[in-house]
Ligand code: PAF
């Protein structure tokens, strides 16, 4: 167990300027959050990013219900981050229920980071789209691919909103220990890149880069996301089916399956206009298996906890794109079928 630091660097102090202009406990037109970055989703990665951003500037946490730690009359609570070195950092957490917000409350928001599960992204965007100010940038940060196509379609329907869209991915690892309590379990690279509309305001982008260690901006985010997708296509279903930690996939019996999944992904990526190399991709997968040997993949955990998985946005995306191009991807299809069967048996 990591050692806890009981000195509690509690940032909730009376000298701090509140990031929310409150005069009573109800969200109405008088309430305007004085923050410019909002995070949707209080899962492991959403909570970790919240804490990392809060260390430099107070963000706003948007959830579907404030049951994640606050009472219904309490917008202010504390979020605890257990750092990689085992220290506990307590930071003020300002959260709001998306369903109780109005446009005025979010008037200052310049960036919304969407950290929900891949299958929740479109709903989250639909809920927030008419509430965020014109020109507010959206960053999708989730496993898998596909939701960006639906979000692009939603944004196209409302061009007057002038919302820019960026995509990103992170290899940082985190574990949710409880409501508003997260443990940072692994360092990792994070990348973001522009997809459509106006670019992310530079000042906001710089805040993000300053807050998240090892985060960088790439020119071709779609290629980078395909590369990450291939890693997920191999590691996630295989670990969920074998109920093992990632490191187990280094055993020789998985070599052929990993190569077959990867080869199909590369074929489909190519048909989508993205060129990736088979040896490089297999090498990256093997490196992730080695670096995260003791971790349980997100899909393994979802199956283990009887939760819905992101299979549709991982192998399912490859299957869907293959069908679009008239290609056959037997191994990815088999992963999709098996994981879907496990999900429905739950
Ligand atoms: O989904 C996950 O668990 C992660 O993206 C990865 C890279 C497979 C490591 O566990």
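The single residue among 165, 202, 177, 209 that is farther than 30 Å from residue 278 by Cβ, in contact with a strand residue (DSSP E or B) (Cβ under 6 Å, 6 or more places away or on another chain), surrounded by fewer than 16 Cβ atoms within 10 Å (Cβ to Cβ) and without any contact (Cβ under 8 Å) to a residue 40 or more places away in the chain turns out to be 209. Against the test of being more than 25 Å from residue 266 (Cα to Cα), within 16 Å of the ligand (Cβ to nearest atom), crowded, with 16+ Cβ neighbours inside 10 Å and at pLDDT 95 or above, the options 182, 231 yield a single qualifying residue, 182. Going through (1) farther than 21 Å from residue 346 by Cβ; (2) touching a helix residue (DSSP H, G or I) at 6+ places or on another chain (Cβ under 8 Å); (3) surrounded by fewer than 24 Cβ atoms within 10 Å (Cβ to Cβ) one by one, residue 255 falls short only on (2).
Residue 206 falls short on exactly one of the conditions (1) within 12 Å of the ligand (Cβ to nearest atom); (2) in a helix (DSSP H, G or I), and that condition is (1).
For the stretch 267-277, check the following and say yes or no: at least one residue is surrounded by 23 or more Cβ atoms within 10 Å (Cβ to Cβ) and within 15 Å of the ligand (Cβ to nearest atom). Taking every residue of the stretch 267-277 in turn, none turns out to be surrounded by 23 or more Cβ atoms within 10 Å (Cβ to Cβ) and within 15 Å of the ligand (Cβ to nearest atom). Of the residues that make up the stretch 297-311, is at least one under 18 Å from the mean Cα position of the chain (by Cα), at pLDDT 95 or above, more than 10 Å from the ligand (Cβ to nearest atom) and not in a loop (DSSP other than H, G, I, E, B)? Among the residues of the stretch 297-311, at least one is under 18 Å from the mean Cα position of the chain (by Cα), at pLDDT 95 or above, more than 10 Å from the ligand (Cβ to nearest atom) and not in a loop (DSSP other than H, G, I, E, B), which makes the answer yes.
Would you confirm whether any residue within the stretch 328-339 is assigned to a helix (DSSP H, G or I), at pLDDT 95 or above, farther than 19 Å from residue 228 by Cα and within 16 Å of the ligand (Cβ to nearest atom)? Yes - at least one qualifying residue is present in the stretch 328-339.
Within the stretch 312-326, the set of residues being more than 10 Å from the ligand (Cβ to nearest atom) and under 19 Å from residue 225 (Cβ atoms) comprises 312, 313, 315, 316, 317, 318, 319, 320, 321, 322, 324, 325. Being within 16 Å of the chain's Cα centre (by Cα) and in contact (Cβ under 8 Å) with a residue 12 or more places away in the chain holds for only one residue in 182, 218, and it is 182.
Scanning the stretch 234-249 for residues that are in a helix (DSSP H, G or I), within 11 Å of the ligand (Cβ to nearest atom) and either under 16 Å from residue 337 (Cβ atoms) or free of Cβ contacts under 8 Å to residues at least 60 places away in the same chain (or both) returns 234, 236, 237, 238, 240, 246, 247, 249.
Does residue 261 meet the test of being over 18 Å from the mean Cα position of the chain (by Cα) and within 16 Å of the ligand (Cβ to nearest atom)? Yes; evaluated as a whole, the condition is true for this residue.
The values are calculated or read from the model by the stated rules, or taken from the named source; none is laboratory data. On a predicted model such as this, the values are computed, not experimentally measured, just so you know. Cβ coordinates were reconstructed from backbone atoms using ideal geometry, including for glycine residues, and neighbour counts include every protein chain displayed.
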